[in-house]
Structures are given as C-alpha cells and as structure tokens.
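Engineer: One structure, as structure tokens, below. Some questions next.
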Amino acid sequence: MPDIVLATFNARYEHCSFGLRCLLANLGELAPLAGLLELNTGIRTAEAAEAVLKLAPRILGLGVYVWNAQESAMLAAELKRLRPELIIVLGGPEVSHDTDQQICGDADYVIKGEGETAFADLCRSLLAGRVPAEKIITSPAPDLAALVLPYALYTDEDIANRVIYAEASRGCPFACDFCLSSLDKAVRDFPLPALSAAWEELLARGALRFKFVDRTFNLDIARASAVLNFFLERYRPGLFLHFEMVPDRFPEEIYLLVKKFPAGSLQLEVGVQTFNEAVAARIGRRQDNAAVEKNLRRLKQETAAHLHADLIAGLPGEDLASFASGFDRLAALGPQEIQVGILKRLRGAPIARHDVQWQMVYSPYPPYELRRNGLLDFFTMQRLRRFARYWDLVANSGVFAETSALICAGPSPFNQFLAFSDWLYIRTGQTHAIARGRLMELINIYIIEVLKRPAAAAAALAARDALRARSTSRAAPMRQSRRLG
C-alpha cells in the first residue's frame, strides 16, 4: 500500500491528470512510496472515499480545480469523518486563493502555487515525523530546468486511450482580468532538448494525441517553430496536436509550418474573447483585432488546421448587441468551432475589481458563472447559456453542418441561432440529455415550421448531415485546465 496517494477528479476519463504526474515525477526518493488515483467527476462521494481508503495512505494529495471543486470538497469532508488521522494536502488553482473556504478547513495543509517542489518537501517532513509550522504553504515558482519531466509516467493504457498532456512553457505575459494566468509575472520555458527526448519516447511507444497546455504557445516564435518541426518530422497517420495560440501573432514562419500539417492533425485554439476594444481595454486585454481577422482568415483559407475560437459572454461593459456583433464578426471568419463561454469569477482572478461598477453577480458555486450584471439581466444570461449549449450540440459538433448553416443564414448568425435556441428550449425544456436522433427531428421541424422551408428540402439537408455523421470523425475539443499547483 502506498504511503502517499495523489488523487484528483478528472472531467472525463480521456483526460489524464498532468498535474498529478508532475507531482509524482518530482517526489524523488519518495516516488516508490506513492501512487496515482484518478477519479471522474461523475463518481459518488462514498465510492471516491472507498477508493482512497482501500489504498490506506498516510498522506493524500488532492488536486482541486474549478471543475471538480464540489466533488473535492465533499471527498475531503467525508474522509476526515471516516479517517481523521489521514493527512490531506490540497493543491491546485482552486485553493491557491481564498484559503479560508471550507474545503481548506477540512485539509491539514494547503499548497499555493506550483507544487512539485513544495509537495515533495512537505511529504518528506511528514513521513519523518516533523510537523510543519504553517498549514498554508506558499510555493515559489520552481526552476523548470530542475524539474523531472512527467512523460514516462504515462502508461500504455493512457497512450492507447487518453489525451497526452504536454507543456513547453508556463506563464503568460498578458494581464487579462478573467484569467488566473494574468497573475504570472513572466513566461518560463522548459529546456527543449529534454522535452524532445521525452516526446520521442512517447511517440515510440505509440502516443498519437497530444494537448499542449501552454497559454501562449506561439509567443516565442523560435521555440514554437522548433516544436512544430519536431512533430512534422515525426508525423504519422493519426497524429493529433492541440495548441493554444495568441490570435494576433502569426508570423510567416509559423504559417508555413502550419500549412504542412495534413487535415485532421492540428487543432489551434485561439482566444478572441471579445472584439469590443473598450471592453478589452477595461479588462487589460491587449489585442490587435485587425490582425486577428487577417490571421484567422488566412489560417482558414490556406491551412488544414481545425480552428477553435473562444468568445466570453458577460464581460464588464459588453451588452447583448456588442456580443452579438462580435460573434457575427468571428463567424464570418469561418472557424470550425466557436466556443461561447460564460464569464467566470475564478478565485483570485482580477475580474473581481469590476464587481461594483458593473454590478457583476456571480453564482457562489463552481464554476462561478456570471448570473447577471448591469447590462445583462438574469434572463438574458440564461438565454446566452442555452445558446452556448445548443451551439455546441448543433454547430460545433460538426454533425449538423448543412442544417446549422441554414439556421444561421441571414445578416446576423447570432440572432438567427438565438431565435432557434429560444424555440428549442420552449419545445424541450432541457439543455442536456437530448438524443442526437431527437435533436435531428427537432431541427427538421424548425426548418419546416419556422423557417418555412419545404419538407423535402429539410429532409435532403438532414440526409446529408446524417451521411456526414456516419462517414467523418472530428477531433473533440480538449479543454481541461493545466496542472495541480
């Protein structure tokens, strides 16, 4: 039985926990005494507690993120009732701020910041019988060149069935109020030779799906080019790479490399967030919108990359008309996906400074989504939330390409789809658990009854969508956050 168990709740099975592997890789001489326990957010608390207690650890390191905060809090409370002597150590972005919250009260120690070195030091002290003086441990950013890379800890099962997370750098030079990365002081890089050797070994073992968690992968053009070249030189069918790119920074050398990747091998996540320049300035976001448009248009027209673009609804000072205009502007550029996110008040994020002026009201429960503000009332935010969900099901899924194009046809794709979203919710009263077949039927009804298209035309569109659904597969978006600590 391990003395140390590193555990977390993943959003889905296919998402390996990169953070736990980073911690385990840096336990040094304690690594043989430690084990990983990856749970999914759908598991019941009693079953999660049983999985931990069966391993009978002395120390539990629990990774807490916005998507698993409630499950983590319930597990920590349950474990303290069942086995009070178990030492619970919390880490992750959800507990790196506001450490007076209840989950921190149920823990013995909380590590704030990147935890590889601090967690190992804490475990050494505890296993040696030394009790640290402080419960809240603030971890300085470690020297990335001194860290042991975690890639050897991916198992054969991980490689065969799950997304392999990777990172070439940490930090972000930008200061967007909604993002915890705005708290970073600088971008720090891992040494490329060590990364290349680790990735080479993963590729040799059969790894094909890589998601890079770097916030600004293309910030350093030379490093980004080196990484892209590395995978291009080792390309084989089935290889899939995901990178988060700064949308207004695409010099010619990056374009030329992206163009070499075949269809289905490269997904670029570009965080546009807003086209409203006054709103962007208000939240500390520096972005050249003309360059964003130029770059996205060129990427769509000249490369085979799958473009996943992000917008945020509810930013301080952006009303519905402004958001609609931004959505339409982005849709005209033709990305394969537009991810509409509802603004969240993440713990520690500077977005909180706008609460009073813009009357921001957030849910008190994770993921702390905006409920209303001075420009968007609660009912409008609910409409936007449903819009985002239905857009994922219909437009982003890639299954309903023909019919979604018809639904959105007109001067404003946003308003066209919002009308469909309102109709669909009135018809079903639900945003989840809508079977694809049922959704297809409802879309056909909408086309015939609301858009007044002939039944034969609607059937033809549906048939082409059904054929596409059977004959094509689309790389699913991979949107899990970064690491524990």
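Laboratory data are not the source of any read-out in this text; all were calculated from the coordinates shown. As the structure is a prediction and not an experimental result, all values here were calculated from the model. As a convention, Cβ positions derive from the backbone with ideal geometry for all residues, glycine included, and neighbour counts pool all protein chains shown.
Engineer: Set the Förster distance to 60 Å, then compute FRET efficiency between Glu200 and Asn415 from the Cβ-Cβ distance, nearest 0.05.
Structural biologist: So the FRET efficiency works out to roughly 0.75.
Engineer: Name the long-range amide H neighbours of Ile342: under 5 Å, sequence gap of 5 or more, or other chain; modelled H, no Pro or chain starts.
Structural biologist: Hits under the 5 Å cutoff: Ala313.
Engineer: Still on this structure, please answer the following. Calculated from DSSP H runs of 4 or more alone, at -39500 (n - 2.57) each and per residue, what is the 222 nm mean residue ellipticity of the chain, nearest 500?
Structural biologist: -12000 deg cm²/dmol
Engineer: Obtain the nm distance between the two label points defined at Glu50 and Ser125 by a simple spin-label model: each point lies 7 Å from its Cα along the Cα-to-C-beta direction.
Structural biologist: Distance between label points: 3.6 nm.
Engineer: Mind listing the long-range amide H neighbours of Arg372? Cut-off is under 5 Å, sequence gap 5 or more, other chains count too, H placed in the peptide plane at 1.01 Å from N.
Structural biologist: For Arg372, the qualifying residues are Val361.
Engineer: Right, here's the next one. Among Ala120, Leu239, Val131, pick out the residue whose Cα is farthest towards the positive end of the charge dipole of the chain, where Lys and Arg carry +1 and Asp and Glu carry -1 on C-beta, about the Cα centre.
Structural biologist: Among Ala120, Leu239, Val131, the one farthest towards the positive end of the dipole of the chain is Leu239.
Engineer: Using the basic label-point model (7 angstrom from Cα toward the beta carbon), what is the Asp143 to Ala463 distance in nanometres?
Structural biologist: Result: 6.8 nm between the two label points.
Engineer: Moving on. Once you have a ≥ b ≥ c as the square roots of the Cα gyration tensor eigenvalues for the range 31-126, tell me rounded if a/c is under 1.5, and otherwise prolate or oblate according to whether a/b is larger than b/c.
Structural biologist: rounded
Engineer: Please give, to one decimal in nm, the separation of the simple spin-label points placed at Ala321 and Gln102, each 7 Å out from Cα toward the Cβ.
Structural biologist: 4.4 nm
Engineer: Further, regarding this structure: How high is the FRET efficiency between Arg286 and Asp156 when r is their beta carbon distance and R₀ equals 35 Å, given to the nearest 0.05?
Structural biologist: In this case the efficiency is close to 0.20.
Engineer: For Glu47, Glu201, which order do you get if you count the other beta carbons within 10 Å of each Cβ and list the fewest first?
Structural biologist: With the fewest neighbours first, Glu47, Glu201 line up as Glu47, Glu201.
Engineer: Same structure again: Nearest 5 percent is fine: what portion of the DSSP beta bridges confined to the range 154-376 is antiparallel?
Structural biologist: 20 percent
Engineer: Using unit Cβ charges (K, R positive; D, E negative) and no other charged atoms, how large, in debye to the nearest 20, is the dipole of the chain about its Cα centre?
Structural biologist: Magnitude of the dipole: close to 1000 debye.
Engineer: So what are the ³J(HN,Hα) numbers for the range 281-298, from phi and the Karplus equation (6.51, -1.76, 1.60; θ = phi - 60°), rounded to whole Hz, Gly and Pro as x?
Structural biologist: Once θ is set to phi - 60°, the couplings for the range 281-298 become 5, 4, 9, x, 9, 9, 8, 8, 5, 5, 5, 4, 4, 4, 5, 5, 4, 5 Hz.
Engineer: Something else about it: Dipole magnitude of the range 349-477 about its Cα centre, charges +1 at Lys/Arg Cβ and -1 at Asp/Glu Cβ only, in debye to the nearest 20?
Structural biologist: 200 debye
Engineer: So which of Lys112/Lys344; Lys211/Lys259; Lys80/Lys344 end up more than 25 Å apart, counting from Cα to Cα?
Structural biologist: Check vs 25 Å cut-off fails for Lys80/Lys344.
Engineer: Find which of Ile43, Leu384, Ala160 sits farthest along the positive direction of the dipole of the chain, computed with +1 on the beta-carbon of Lys and Arg, -1 on that of Asp and Glu, about the Cα centre.
Structural biologist: Checked the options; the winner is Leu384.
Engineer: Another question, if that's okay. Can you compute log10 of I(q)/I(0) for the range 152-249 with the Debye formula, treating each Cα as one identical point scatterer, at q = 0.16, 0.20 Å⁻¹?
Structural biologist: Ignoring solvent entirely, the Cα scatterers give -0.72, -1.04.
Engineer: Still on this structure: Using amide H atoms built 1.01 Å from N in the peptide plane, name the residues 5+ places from Asn218, or on other chains, whose amide H lies under 5 Å from its own.
Structural biologist: Counting only residues 5 or more places away or on other chains, the set is Val246.
Engineer: In whole Hz, with x marking every Gly and Pro, tabulate ³J(HN,Hα) for the range 139-154 from phi via Karplus 6.51 cos²θ - 1.76 cosθ + 1.60, θ = phi - 60°.
Structural biologist: 9, x, 4, x, 6, 5, 5, 8, 7, 7, 6, x, 5, 5, 7, 5
Engineer: Residue by residue through the range 461-466, what is 3J(HN,Hα) from phi via Karplus (6.51 cos²θ - 1.76 cosθ + 1.60, θ = phi - 60°)? Round to whole Hz and write x for glycine and proline.
Structural biologist: 4, 4, 5, 5, 5, 5
Engineer: Please report the net charge: other residues with Cβ closer than 9 Å to the Cβ of Ser421, K and R +1, D and E -1.
Structural biologist: Local charge sum for Ser421: +2.
Engineer: Still on this structure: Calculate, for Met1 and Lys259, the FRET efficiency according to 1/(1 + (r/R0)^6) with r their C-beta to C-beta distance and R0 35 Å; round to the nearest 0.05.
Structural biologist: With a Förster radius of 35 Å, E is 0.10.
Engineer: Could you tell me what percent of the DSSP beta bridges with both partners in the chain are antiparallel, to the nearest 5?
Structural biologist: 10 percent
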